[in-house]
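Okay, so here's the structure we're looking at.
The values are calculated or read from the model by the stated rules, or taken from the named source; none is laboratory data. On a predicted model such as this, the values are computed, not experimentally measured, just so you know. Heads up, the Cβs are rebuilt from the backbone with ideal geometry, glycines too, and the neighbour counts pull from every protein chain shown. For the accessible areas, the whole protein counts, side chains as well, though only heavy atoms, and no ligand, DNA or RNA atoms are used. Shrake-Rupley method; radii C 1.70, N 1.55, O 1.52, S 1.80 Å.
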Amino acid sequence: MLKKFIDYKRNQIIINKKESDKNVIIVDRGRYTPALKACLIAAAINLKYKYNVKVLTSKKKDDLIIDFYKSFGIEDFIYGVNIGSFIKNIYKFILSFINFIKSGLIISCHSMDWFVNKFEIKGIKVGDLIYDSYIRKKQRYLKPKKDFFFYYLLFRTIFKVVKILNLVKTINIKFVIIGTMTYGNNDAIFCRIAIKQKIKVLEAVTFEKKSSILEYDNNDLKYGPRSIHFDKIQRKKLNDIKLSKNFLNKFIKKRFESKIKFIHQINDDVKIANKTKVQLSRNDFLIKFAPKKKYKKIIIFALHAFSDAPHGAGYDICFRDFYSYFTETIDKIVNLKNKDVLWIVRPHPLSNFYGEKNVAENYLKKFNQKNLILCPKGLSTKNLLEICDTVLTLKGTIALELATIGKKSITCGYPLYSNFGISFEVNSKNKYFKILNKAHKINYKLPKKKELLAKKLLYYMELVIPFKAME
């Protein structure tokens, strides 16, 4: 089927060679759906601005995806931004090796936290990209260390930065089209280099039947491309939505019942989290699961999937990654003198999918803390939110869900719903641990006006295109 599609006679030529020194660069991921979207964006730019289109790829010339691009009319390819091309790029290899030695010496003198937050190559922040690639598999987030694989990723990233920086210097680039902004790959690296060089960076995104084109800027890298407060286009979209209280209440009800197809949230997450019909009151929960019947506060600690690109939704977070957020929070809870809070640890609904079965459970076994328990299975997210007083999350959607029923959460970093006054937002470890010290004294009730705003935010996030498009 694919070969039939890329046959020149079947697929239409929509990209043509132009008499221009200005270019659009498509950064190839080796995947056909992102490639198709990129070609359609490039075709529109090619037609309107008369810019030429080139493809940057790590694939070989005889790879089928190269023919896929050619079937649209693309003739120019830039090969070899990968380790296998070192021999053909001996100068860049030597330059990369020198930078690798320098970087290795600097990194050896610093912690992994410093590396994630501060490490740069040629002025390009890449420590978080390398780290997210490092912990993606084999549960390396458990004990991250500077091993052979870490230094392999470091050298590979340095080479890519050197090669792409040289490309930007030698070719007049006006647009870069990427397929993702996460992990230490060509897309994410080119994205950061292009933004620094004031080159427009675009990505086509589709959720269900709604599509949009992202245009990235520094705020998107720091706070995430869906962060509403830091994006004037999204703020305007949100403000323009006029919905009645009755309409929003019906939407929230349907959402918890998984009767809506979402745009931002993964449907499976919500279905799994709310599939049970068990419904417990606060008192029933305490009688059945808690070591004692009365607590001043019940707090849900909602975990993220540990290996799932912790810096992909903005690199400015309070902790090294999702796992360190979990372990350091647990360590703090264990050392708190006040025992009038029942802490309930809830693993991510898709933790098994990410190969993280029993990771949180095994860590909790280290402690014999009566007021620190694992979330019982069989309870829906909605039921848990009704039972608890508040939720701890780095930047999870569960905090926004909590706000829709009139309660404030405690968040770290910059969730996409930050700066709207619907949660206690802490942007440093020190402030976060201080608020945990007094968690039993805080009033988490959310004003009705803010509760309504939270419902509007969740509606916007789920059913309105949650991205800024090109102006």
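Give region 48-69 a look and list any residue that's in a helix (DSSP H, G or I) and of a type in the set (Phe, Trp, Tyr), or say none.
Taking region 48-69 first, the residues in a helix (DSSP H, G or I) are 48-49, 64-69.
If the condition is that a residue be in a helix (DSSP H, G or I) and of a type in the set (Phe, Trp, Tyr), then Tyr49, Phe68, Tyr69 are the ones that fit.
Has region 58-66 got at least one residue that is touching a residue at least 60 places away in the same chain (Cβ under 8 Å) and exposed (fewer than 14 other Cβ atoms within 10 Å of the Cβ)? Lay out the reasoning, then the answer.
Taking region 58-66 and keeping what is touching a residue at least 60 places away in the same chain (Cβ under 8 Å), we get 58, 64.
When the remaining residues are screened for being exposed (fewer than 14 other Cβ atoms within 10 Å of the Cβ), the result is 64.
Yes, region 58-66 has at least one match.
Every residue, every condition in (1) within 24 Å of the chain's Cα centre (by Cα); (2) surrounded by fewer than 14 Cβ atoms within 10 Å (Cβ to Cβ); (3) under 30 Å from Ile45 (Cβ atoms); (4) without any contact (Cβ under 8 Å) to a residue 12 or more places away in the chain, yes or no:
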{"position": "Lys102", "(1), (2), (3), (4)": "no, yes, no, yes"}
{"position": "Ile107", "(1), (2), (3), (4)": "no, no, no, no"}
{"position": "Lys125", "(1), (2), (3), (4)": "yes, no, yes, no"}
{"position": "Tyr134", "(1), (2), (3), (4)": "yes, no, no, no"}
{"position": "Lys137", "(1), (2), (3), (4)": "yes, yes, no, no"}
{"position": "Phe150", "(1), (2), (3), (4)": "yes, no, no, no"}
{"position": "Leu153", "(1), (2), (3), (4)": "yes, no, no, no"}
{"position": "Val168", "(1), (2), (3), (4)": "no, no, yes, no"}
{"position": "Ile171", "(1), (2), (3), (4)": "no, no, yes, no"}
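Here is a check on your reading of the model: is Gly378 open to solvent by 30 Å² or more (accessible area, probe 1.4 Å) and touching a residue at least 12 places away in the same chain (Cβ under 8 Å)? Spell out the reasoning first.
On the way: open to solvent by 30 Å² or more (accessible area, probe 1.4 Å): yes; touching a residue at least 12 places away in the same chain (Cβ under 8 Å): yes.
The answer is yes for Gly378.
If you take the residues in region 328-350 that are open to solvent by 20 Å² or more (accessible area, probe 1.4 Å) and within 25 Å of the chain's Cα centre (by Cα), which one is nearest to Tyr295 (Cα to Cα)? Give the steps one after another, and end with the answer.
Initially, region 328-350 is screened for residues open to solvent by 20 Å² or more (accessible area, probe 1.4 Å), giving 328, 331-332, 334-335, 337-340, 346-350.
Those left that are additionally within 25 Å of the chain's Cα centre (by Cα): 328, 346-350.
Working: Glu328: 23, Arg346: 18, Pro347: 22, His348: 25, Pro349: 26, Leu350: 30 Å.
That would be Arg346.
Looking at Phe77, Phe149, Phe100, can you tell me which residue is under 25 Å from Thr33 (Cα atoms) and not in a loop (DSSP other than H, G, I, E, B)? Show your work before the answer.
Numbers: Phe149 fails: under 25 Å from Thr33 (Cα atoms); Phe100 fails: under 25 Å from Thr33 (Cα atoms).
Answer to the selection: Phe77.
Exactly one of these conditions fails for Cys39: (1) at positive phi; (2) surrounded by 18 or more Cβ atoms within 10 Å (Cβ to Cβ). Give me its number.
Unmet condition: (1).
From the list Leu392, Leu400, Leu416, which residue is hydrophobic (A, V, I, L, M, F, W, C), surrounded by 21 or more Cβ atoms within 10 Å (Cβ to Cβ), assigned to a loop (DSSP other than H, G, I, E, B) and within 20 Å of the chain's Cα centre (by Cα)? Working first, answer last.
On the way: Leu392 fails: assigned to a loop (DSSP other than H, G, I, E, B); Leu400 fails: assigned to a loop (DSSP other than H, G, I, E, B).
Sole residue among the options that is hydrophobic (A, V, I, L, M, F, W, C), surrounded by 21 or more Cβ atoms within 10 Å (Cβ to Cβ), assigned to a loop (DSSP other than H, G, I, E, B) and within 20 Å of the chain's Cα centre (by Cα): Leu416.
Report every pair of residues separated by at least 6 positions or lying on different chains whose Cβ atoms are under 9 Å apart, first residue within region 350-363 and within 19 Å of Asp331 (Cβ to Cβ), second among the charged types (D, E, K, R) and open to solvent by 20 Å² or more (accessible area, probe 1.4 Å).
If the second residue must be among the charged types (D, E, K, R) and open to solvent by 20 Å² or more (accessible area, probe 1.4 Å), the pairs left are Ala360/Arg346.
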